[in-house]
Amino acid sequence: MAKPTSKPRPKPTSVHRPEHAVAAQLLRELRLASGLTQAEASAHVGLTQAGISELEKGVRGLDLLVVRDLALVYGADWPAVIVELDRRIAAGMKPAAALMKRKAPPKSPASPVRRRPQ
C-alpha cells in the first residue's frame, strides 16, 4: 500500500509569525523614542540604513543579538524590552518611551549642507 504523498511544508520562520510584526514595531518605537535616525542607529551596529528599515518593517528576520544591540544603543532597559515584548505578544501595546532608562547617545553633528552657486 503506497503512502499518500504530501507536499513538504516550508520551514517556519519568525518573519511569517504575527509576533514578528509586534517585535519589529517595538524596535521601531524604541528608535523613535531615542531620537536616533535609522542611519545613526545603523552606524552603531554595523548595518545599513536600509537594513534597519527592513528590520522595522518586518521584512527581515530579527536576530536576537542585533535586537539587543539596537535596544542598548537606543538607551532602553533590555530586560524591560523583553518583558514588554512578551506583554505585547500576549495582549496589547505600551509606548516604547516608557521603557527608556536613559537618554540615547547624542546625535553626531550634521555636516553643513553645501549649496551650489547659482
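The values are calculated or read from the model by the stated rules, or taken from the named source; none is laboratory data. Note that the structure is predicted; figures quoted are calculated from it, not measured. Reconstructed Cβ throughout: ideal geometry from the backbone, glycine too, with neighbour counts over all protein chains shown.
Taken as a whole, the structure leaves Ser42 outside the set of residues that are of a type outside the set (D, E, K, R), at pLDDT 90 or above and under 10 Å from the mean Cα position of the chain (by Cα).
Filtering the range 21-56 to residues that are in contact (Cβ under 8 Å) with a residue 40 or more places away in the chain and among the hydrophobic types (A, V, I, L, M, F, W, C) leaves Val22, Ala23, Leu26, Leu27, Leu30, Leu32, Ala33, Leu36. Just to be sure before I move on: is Gly61 in contact (Cβ under 8 Å) with a residue 12 or more places away in the chain and at positive phi in the structure I sent? When the stated conditions are applied, Gly61 does not pass them.
When the range 43-59 is examined, which residues are found to be of a type outside the set (A, V, I, L, M) and within 17 Å of Glu29 (Cβ to Cβ)? Result: Ser53, Glu54, Glu56, Lys57, Gly58.
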